[in-house]
Structures are given as C-alpha cells and as structure tokens.
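This report concerns only the one structure given below.
The values are calculated or read from the model by the stated rules, or taken from the named source; none is laboratory data. Bear in mind the structure is a predicted one, so any value in this text is a computation, not a measurement. Cβ: placed from backbone, ideal geometry, glycine included. Neighbour counts: every protein chain shown. The protein model used for the area step is the full one, side chains on, heavy atoms only, and it has no ligands, DNA or RNA in it. Shrake-Rupley method; radii C 1.70, N 1.55, O 1.52, S 1.80 Å.
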Amino acid sequence: MPKDRQAGPAGGLVERHSIDFIPDGERHGRPSSLFTLWFAANLQISAVVTGSLAVVFGLDALWSLVALLAGNLLGGAVMALHAAQGPRLGLPQMISSRAQFGVRGAAVPLVCSIVMYIGFFASGSVLAGQAVGHLAHTGETAGIVIFAVATAVTAAVGYRLIHRVGKLAAAVGALAFLYLGVEMVRTAPLGSILAEHHFSAPLFLLAMSLSASWQLGFGPYVADSSRYLPRGTRPRSVFWATMGGSVLGAQWSMGFGALAAAWRGGGEGDEVGNIVGMGGSAAVTLLLYFAVAFGKLTVNVLNTYGGFMSVVTGVSGFRRIGPVGPGARSLYVGGIMLAGTVLALLGRGNFLESFSTFLLCLLTFFTPWSAINLVDFYLLSKEGYDIEALADPRGRYGAWNVRALATYAAGILVQLPFLSTELYTGPLVARLGGADVSWIVGLVLPALGYWLLVRRGQGAVPGGKDDALGSGVPAPAGLRSR
C-alpha cells in the first residue's frame, strides 16, 4: 500500500482514498447517514425549479404533484439500487462499469457522466449564484464565482466533510422549506389551485420524465457515498435509506415548486428571488437566501466529487497513474469547477429553457447505462466482481466489451423516435399524443437486450459468487495503488 494511504488517521477529515478499494478496516458509518445526505441533496432550489417546470409546460398543479411523485418513485428506486452496490464493492460507482463495458470501454459512459456533472455544477451555480449575489450584494456573476470556489474547496477535502455538510444542510433546508410551506398555506389560494385539474397524458408523462431524470442523474455517483459503509451492511437498509431521503427531499421541493408556479407563475431570470420573495420581511429573506445557497452546496459538491472520480477512472483505464492524494484531487476538482463556472456564466440568461432541455436529454444517455449496470450486477454477476480484474485491460473483463457498448449505443438510438425536447422531437411522439416515453424504452429494451446477449454467451458472464470480492480476498493491488 502506498505511503500516502497510511499517513494520518483513518478518521481524519481530509480523505485519502479516491477510486481505490476501501479496506474493511476503514469502513464505518450507518445507512441513516445516506438518508440525511440525499435528503439534503434534493431539498434545494434546483428541485424546486424542476417541479415548477411541470406547471410551466402546461400541466395543472394537482396532476403535477402526482406525476412528479410517480417519476421520483420510479427513478429513485433505480438510483437506490445503484447505491446498494457501494458497501458490497467498496468502490466508486462508475469504476464498476468496467465489469460491463471493459476497462477502457467504460470511458464511453464516463464521458457522458462527466458532461452531466459539469452541467449540474453549472445549473446549480446559476441558482446559488443568484442567492449569494442577493445575500452579499455582489451581483449574480460574482455570486456564481464565490459559490463555485466554496464548492470546490469542500469537494477537495472529501467524503467526511461532504457528509457533515449534508447533515447540516438537511436541517437548514428542512427549516427553510417548512417556513416557506407555512407561508404558502397561509397566503396562497391552494383550494382553488388544486380544484382546477384536467388530466393530460402527454403532459403527465413529461412531468414524470422531469422527476425521473432528476433521480436517475444521481445513479452514476450514488455509490460513491455508500462505499465506506461496512461490507456487511444490509443492501435493503442502503436501498431504503437512499431512496427515502432522495424521494422525500425531491418531492417536497418539486411539489413546492409546482404549487408556487401555479400560484405566482414560473418567472425566468431570477428564479431564486421569485421563491425567496414569499418569505416576507427583509431579515427572513436574507436567511432564506443563505438557506438556498447552503442547500445547493451539498448537491454541487456531490457533482464535483463524482466528476473527479469519473475523470480519474477514465484516465486510469488507459494509463497507470500514481496515488491521487489531496493535492492531485484539488487539481482535478479545480478543472471541473472551472468548466462548470464558465458554462454557468454563459448560460445564466436563459436558464429555464436550457435546464429543462438538459434534464430531458440526460435521460437518453443514462437510462441505458443504468439498465446494463443493474442487470449485470444483480442478475448476471450475482453481486460479485473480480475487483483486481477491474484494473487490468488484459484481465477477465478485457479492454472493450463489444456486447455492452453495442447495447448501450442501441439503447440511446432506440429512444430517439420517442424523445420530445426543444432540440429534437422524434417521429413517434405525435402518434403518442405528444407523450415522451423515451426513458421507459431506454430502461426496458437495453436491460432485456444485454441480458439476452450475455446469457447467449455464457462464457462472457462476469462475476459470480466465487469472485475475489465475494470470497473475501484482501483488496487487490491493482486498485490499492490508485
């Protein structure tokens, strides 16, 4: 084991691991910590904006609440299945994709995930920048930069600080949204807002797509935050803690956003100001701006941390790299911060349109990945991988897995006829009354296709109960050295 892995206590605040296997002696924590982390990550302003989009697109408030809940539950279940892999594997989420796509082939979904992280970093920085700008009287541009720097510093410190910030943000966010909810009940005509309900299948499915894409977007890095839990942690506990926190936080935020949009409209240009303006007095408004900025910190840190993991995973598949200590982590994180900040500054003017298109396009690339990853881990590999082979392009998983890559590409293409966004509308959307069912197609068909392809070639089935991980073999050198 490299010396930097042994420096300092295992419980120190600055994280010393990156994409390497977490030894059993350094595992700690309980699944309840995942509940607070994902509750905080979802109880924030971007989720409020996502919920408001359902009403902005034309669905009434009542059916928006139902559709958003359905999407959160379905997407949250898929996301939580990824989280349950963390304690079992002791690895970041995306490195396990090497078992399906090959050690180098995993770079294909990794590129998509890095783009996602930067996009979410940018969108989060726009909203948090509005809050910081109001709070510090610096303007939106300076607010974006200040928030981006705070995000990068927290992500560079690592896992323990992220969880501590998540716990505090969960409490702050709950208090802020509880107050805003009380104000809405006190002042808004909720009875008349909810009394107007006319069902529209296309708009209902669109609202479902918004919340499902929100949850599925966490899939590529959700196990990053569960990989330190003891290996014997029950998968059910991890699943329910993650799903419970994520769905509860998201539905609370999105439901509030839908009702707020139905009441006051979904204004473009100062989305944060439109929400915080419900707070009343100047003193309360300042506290709410702080709560908005602090609430965004958790999820933006997770995006930055996941982006760092994905970049390192992608690079290490093609060339051996040395240990990624705090200094190197800071450089990777700084690059992600810079890219996300530039994108935030360029795209802040037409935020709502850009954000909604980004969310819906995100589904196209991550539903096939989720389908392949989950089918392989739970059904084909029986929750066991050869961890050492994940670092060796000449090992059992190879450099490129043509079956998985072809299924992934087909999974993207098969969605296009059913896709409906500002950028592109598929030819079958009109026949379905304008409904977007692309994400459902993107989950079901790649899952079935990959299962059939791998089952047909039984020799290609990776993993199994006798794998290195399943049999309790010590952490392999290939992943200790990262």
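Before moving on, here are some points about what is shown:
- Per-residue HN-Hα couplings for the range 106-121 [Karplus 6.51, -1.76, 1.60; θ = phi - 60°; Hz; x = Gly/Pro]: 5, 5, 5, x, 5, 4, 4, 5, 5, 4, 4, 4, 5, x, 5, 4
- Using a Förster distance of 56 Å, the FRET efficiency for A328-L448 (Cβ separation, nearest 0.05): 0.85
- Total formal charge among the other residues, if their Cβ is under 15 angstrom from that of S213, Lys/Arg +1 and Asp/Glu -1: -2
- Extended-chain gain in nm, criterion 0.36 nm per residue less alpha-carbon gap, W240 and L190: 14.8 nm
- Gain in span if fully extended, R30 to F199, counting 0.36 nm per residue against the direct Cα distance: 56.6 nm
- Between L379 and V66, the modelled label-to-label distance comes to 3.0 nm, taking each label 7 Å out from Cα in the direction of the beta carbon.
- A 1.4 Å probe run over the protein chains yields, for the range 145-258, 37 Å² of accessible area per residue, whole-number rounding.
- Whole-angstrom gap from the range 372-393 to the range 283-344, using each part's C-alpha centre: 27
- Heavy-atom accessible surface of the range 213-268: percent carbon and sulfur, 1.4 Å: 60
- Scalar couplings 3J(HN,Hα) for the range 224-231, obtained by applying the Karplus form with A = 6.51, B = -1.76, C = 1.60 to θ = phi - 60°, are 4, 8, 10, 6, 7, 5, x, 4 Hz; x denotes Gly and Pro.
- Computed from the C-beta positions of R160 and A409 and an R0 of 45 Å, the FRET efficiency is 0.70 to the nearest 0.05.
- Of all accessible heavy-atom area on the range 68-177, the percent that carbon and sulfur account for (1.4 Å): 77
- Point-to-point label distance, E183-F318, nm (Cα→Cβ direction, 7 Å offset): 5.0
- FRET efficiency estimate (nearest 0.05) - Cβ-Cβ, A171 to L338, R0 30 angstrom: 0.45
- Computed over the range 167-219, the ratio Rg/Rh where both radii use C-alpha atoms and Rh is Kirkwood: 1.11
- Length gained on full extension, L286 to T141: 50.3 nm, using 0.36 nm per residue less the C-alpha separation.
- Shown in residue order for the range 132-145 are the 3J(HN,Hα) couplings computed by the Karplus curve 6.51 cos²θ - 1.76 cosθ + 1.60 at θ = phi - 60°: 5, x, 5, 5, 9, 6, 10, x, 5, 4, 5, x, 4, 5 Hz (x for Gly and Pro).
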